[in-house]
Number of protein chains: 2
Amino acid sequence: MSTVAKTAASPAKTTGKRIRRTAEEARRLILDAAEERLARQGPEGLRLQDIARDIGISHPAILHHFESREGLVRALIARANAQLRDTMLTALGGEHTKADASDHIGHVFEALSDRGTARLLSWLLLTGRATEKSDAHNVMGEIVEALQKRREEYAALKGKPAPDREDTLFMAMLTANAAFGEAIVGRQLAEAVGLDADGIKRFRNWFAKLLNEHWDGEQ
Amino acid sequence: MSTVAKTAASPAKTTGKRIRRTAEEARRLILDAAEERLARQGPEGLRLQDIARDIGISHPAILHHFESREGLVRALIARANAQLRDTMLTALGGEHTKADASDHIGHVFEALSDRGTARLLSWLLLTGRATEKSDAHNVMGEIVEALQKRREEYAALKGKPAPDREDTLFMAMLTANAAFGEAIVGRQLAEAVGLDADGIKRFRNWFAKLLNEHWDGEQ
DNA sequence: TCAAGTACTGACATTGTTGTCAATATAAAT
DNA sequence: ATTTATATTGACAACAATGTCAGTACTTGA
């Protein structure tokens, strides 16, 4: 039992092997690990000690980089939002002169559902975080804007009247809702009705076709 | 400082005022409080002590009725599923001879989104619970079944060919996904684009119309 | 080579939460 | 009234999670 009795901080002579990263690297590593745990185990899997163990550091290191657990969560939010925004806008900004919604739908679902982003954001919303004005607000607005512009181009090309702005907004909302919904209940639902991965793909295409028809019919 | 030192369990003579409910009543009360907290504060608001305080009991009482926290959660799942199933099936089973999807859509969104059910179920799904075979599985199956039957009736009435079963399934999936999505991100999204309560209603109607058109057009 | 800045660590403090237990009060049955 | 069953409670145990801190080791710049 060795009554060591390290009365007043006996430093215990550590070995000396230690990995030291740049602050940025460390932050990225930690965020990745946190995201992974969140995706796999849900909200309750976000424990500093676990995350730390995952990447082989001590949990105070996380506190060092993010101040507090709350800080880590906020950083997660910020990154998820940024990633989402990028993916979506670059997808919409590409040079498709054809107005095929299935491309967009595919991208949206991919960005939100297939990757864990939607689950992450959902959790954050469910916990009442992410109520900042600057977060989701702008993203959605920008996307609707981009979509509307595209529809107007398309309409002009066909010599039809410009589409209703609210209609565009609703299309975007439906897509967003559906993608979020699918990210959460999709797998369970698909399983429940005996849909395999290919069936899910068929569903997405079906949805895209539905929107396409509406797109064409409306203008 | 009164060194009372109640060495070996000195019963402390309690006053004697105590509310005693039937087990069933107590369980219901607890579940209601839990659901409320879950809806208001999210997953992390589900603490036995808080729930107990909300309804003026001690937290061991909850343990007494549900064995453990896990038990409480499972009971929540079960009840939410049952409620959802009832609402949906009675809504679909009503005697609408007209095939107006907006009724259904309204019911679905109401059952899932307006009430906190979807948020609750989402959280349960996100935490990796509710993977039981018997839960969501049957519900979704039954609903699709009911919908398909209705479509077939409608088709027969119009002398058209019976609709594709997978098409019905996809309509149901889209609705479910959209409703779940709206329950989670709906408010934020609506706020982001400046939609008020009336706008949300318009969105739902728009969606119903979209489905109705598809319903009619497909057959 | 020395100094300064800082990423990182182990040990500990603190707090909060679930769960246990013996004791108590209350409703129902006899 | 007495007994029986059980809903309920206060006190405590056990544990887990965040956060603090002094000290250590690595990197960079002079």
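Here is how the numbers come out for the structure above:
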{"quantity": "Least to most buried among B:ARG79, A:ARG40 (fewest other Cβ within 10 Å first)", "calculated": "A:ARG40, B:ARG79"}
{"quantity": "Shortest-first nm distances, B:ALA197 label point to equivalent points in other copies (7 Å, Cα→Cβ)", "calculated": "4.6"}
{"quantity": "22 Å Cα-Cα threshold exceeded, pairs from A:LYS149/A:LYS209; A:LYS209/B:LYS149; B:LYS160/B:LYS201; A:LYS158/A:LYS209; B:LYS149/B:LYS209", "calculated": "A:LYS209/B:LYS149; B:LYS160/B:LYS201"}
{"quantity": "For B:ARG69, label point 7 Å along C-beta direction: distances to other copies, nm", "calculated": "1.1"}
{"quantity": "Loop-resident sites, segment B:182-219, for chymotrypsin sites (Phe, Trp or Tyr not before Pro), counting at most 11 other Cβ within 10 Å (DSSP)", "calculated": "none"}
{"quantity": "Only Lys, Arg (+1) and Asp, Glu (-1) charged, at Cβ; segment B:110-219 dipole about Cα centre in debye", "calculated": "120"}
{"quantity": "Burial ordering of A:ARG20, A:ARG204, B:ARG74, fewest other beta-carbon atoms within 10 Å first", "calculated": "A:ARG20, B:ARG74, A:ARG204"}
{"quantity": "Exam field: B:ASN212 pseudo-label spacings to other copies (7 Å along Cα-Cβ), nanometres", "calculated": "2.6"}
{"quantity": "Closest-to-axis residue of chain B (Cβ criterion, axis taking B to A), whole Å", "calculated": "B:GLY181, 2"}
{"quantity": "Virtual spin-label span in nm between B:ASP103 and B:GLU70, 7 Å along Cα→Cβ", "calculated": "4.5"}
{"quantity": "Average beta carbon contacts from partner chains per residue of A:199-206, 10 Å cutoff", "calculated": "3"}
{"quantity": "For B:VAL193, A:VAL139, order by how many other beta-carbon atoms lie within 10 Å, fewest first", "calculated": "B:VAL193, A:VAL139"}
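Taken together, the values in this text are just the output of simple stated rules run on the coordinates, not laboratory data. For clarity, every value in this text was computed on a predicted model and none was experimentally measured. Here Cβ is always computed from backbone atoms with ideal geometry, including for glycine, and neighbour counts include all displayed protein chains.
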